[in-house]
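The next block holds one structure in the form of structure tokens; read it before the comments.
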Amino acid sequence: MSEPTVIYDASKIDFEKSGKHHYHVAFHHDSSWGYSLVPVTIINGLRTSTANPPGVAIFGGTHGNEWEGQVSVKRLCRDLDAAEISGRVILVPQLSESACAANTRISPLDGVNMNRAFPGNPRGSISYRIANFVKTRIFPQVRVVIDVHAGGNEGGFALCTSFHPIPDPAQRAEINLVAALFDTPFMLVYTSDMASGLLPEEAEKEGKIAIGGEFGFGESVNRAGVLHAYEGFKNVLRHYGMLPGKVVKIDERRCSPPRLVDASHLEDYIPTPRTGIWEPLVELGADVHVGDLVGRLHDFSDHSSAPLEIRSHRAGALLMMHFPAHIQKGVTLFVIARDAKN
Ligand SMILES: [Zn+2]
């Protein structure tokens, strides 16, 4: 089998070429000889369809130590058959390729978090140049943008798709519908106030159907996370008539549709009050009531000391909780999300 074609000038990539094509888009290092070869697969389907396909871009590896997206998008690069597809699918399994190679959240080349680098900068350091490529070359090709995340080595997550509060009702309704195609136990409305420069945020601003999600944690490959991501992508393509067949139920054991929950305010992201060792007492995804004991924070400088008991400030579902035992003061300890209406 031939290797992916190296593209030295990202502005020259041919998004119209029919069939399936694998590329390495080369972004030159800022301060040494060599490139980050970002893997991109472009499919222009050979199947004619009466549907008007929207164009779909799917990203994994925006953060390098989150593996479920990387694995599921890589599998799609192999598995999707151009003869079966109608419309355009753009697959990027390792967007922050240098971070993926290093198994780190941010790029070791420039210390930049790819999911804070948007809209990018054509004259910026390497992560900003890659973000600019996505914004100016990939986004114009598609109306649906999916960016797959996981907790990496920070938070454990209950499996969820995610999106920001969307003011436009039509865009919001379609995002809601497409997010549900992943059949995760939760769909999370998350805050827009945490930071800026996020990939999905940029796509949302352009009016696109932008879906994020947390499909595992712990720098591992979560089996259920990959199943929901991989089949979810295919459901999205089926939903838009880009792949034949009906949308499938991914988790046969759960009868209910994904539960829509909201953590759209910064006050929903609880910081750790002091540095310590975290002993969790609630399972991810579990319901808690006000005052429930969520966990204990231990101080080993005095092993006879009482732990600090951390209680729930509200009722809801425990969507995220710090994963490693060691935790620093100020780091997000957990997120309890409230039920929301569609
Ligand atoms: Zn991430």
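The values are calculated or read from the model by the stated rules, or taken from the named source; none is laboratory data. All of these numbers come straight from a predicted model, not from anything done at the bench. Counting neighbours? That spans all protein chains shown, and the Cβs are built from the backbone with ideal geometry, glycine included.
If you take the residues of the range 1-46 that are basic (Lys, Arg) and at pLDDT 95 or above, which of them is nearest to Pro140 (Cα to Cα)?
Going through the qualifying residues, I end up with Lys17.
How many of the residues making up the range 187-200 are farther than 21 Å from Pro271 by Cβ, buried (at least 22 other Cβ atoms within 10 Å of the Cβ) and in contact (Cβ under 8 Å) with a residue 60 or more places away in the chain?
Step one: filter the range 187-200 for residues farther than 21 Å from Pro271 by Cβ, giving 187, 197, 199-200.
If we keep only those that are buried (at least 22 other Cβ atoms within 10 Å of the Cβ) too, we end up with 187, 199-200.
Those still in the list that are in contact (Cβ under 8 Å) with a residue 60 or more places away in the chain too: 187, 199.
Within the range 187-200, residues that are farther than 21 Å from Pro271 by Cβ, buried (at least 22 other Cβ atoms within 10 Å of the Cβ) and in contact (Cβ under 8 Å) with a residue 60 or more places away in the chain number 2.
Test of understanding: among Ala229, Ala203, Ala210, which residue is among the small types (Gly, Ala, Ser), surrounded by 15 or more Cβ atoms within 10 Å (Cβ to Cβ) and out of contact with any Asp or Glu (no Cβ under 7 Å at 6 or more places or on another chain)?
Within the list Ala229, Ala203, Ala210, the selection yields Ala203.
Only one of (1) free of Cβ contacts under 8 Å to residues at least 24 places away in the same chain; (2) under 18 Å from Trp33 (Cα atoms) is not met by Thr136, so which one is it?
Among (1) free of Cβ contacts under 8 Å to residues at least 24 places away in the same chain; (2) under 18 Å from Trp33 (Cα atoms), Thr136 violates only (2).
If you scan the range 1-13, which residues turn out to be surrounded by 11 or more Cβ atoms within 10 Å (Cβ to Cβ), part of a loop (DSSP other than H, G, I, E, B) and of a type in the set (A, V, I, L, M)? Spell out how you get there, then give the answer.
Within the range 1-13, the subset surrounded by 11 or more Cβ atoms within 10 Å (Cβ to Cβ) is 4-8, 10, 13.
So of that shortlist, the ones also part of a loop (DSSP other than H, G, I, E, B) come out as 4, 8, 13.
Across the range 1-13, the qualifying residue is only Ile13.
What do you reckon, is Ala150 more than 13 Å from the chain's Cα centre (by Cα) and aliphatic (A, V, I, L, M)?
Judged against the criteria, Ala150 is not a match.
I'd like the residue in the range 14-25 that is out of contact with any Leu (no Cβ under 9 Å at 6 or more places or on another chain) and more than 20 Å from Arg75 (Cα to Cα) and, out of all such residues, is surrounded by the fewest Cβ atoms within 10 Å (Cβ to Cβ).
Glu16
So, in the range 201-227, exactly how many residues are of a type outside the set (Gly, Ala, Ser) and more than 16 Å from the ligand (Cβ to nearest atom)?
Number of matching residues: 7.
Condition first: touching a residue at least 24 places away in the same chain (Cβ under 8 Å), of a type outside the set (A, V, I, L, M, F, W, C) and within 24 Å of Tyr128 (Cα to Cα). Can you find one or more residues in the range 213-222 that meet it?
Yes: the range 213-222 contains one or more residues that are touching a residue at least 24 places away in the same chain (Cβ under 8 Å), of a type outside the set (A, V, I, L, M, F, W, C) and within 24 Å of Tyr128 (Cα to Cα).
Please work out which one of (1) more than 14 Å from Val282 (Cα to Cα); (2) at pLDDT 95 or above is the condition Asn342 fails and give its number.
For Asn342, the failing item is (2).
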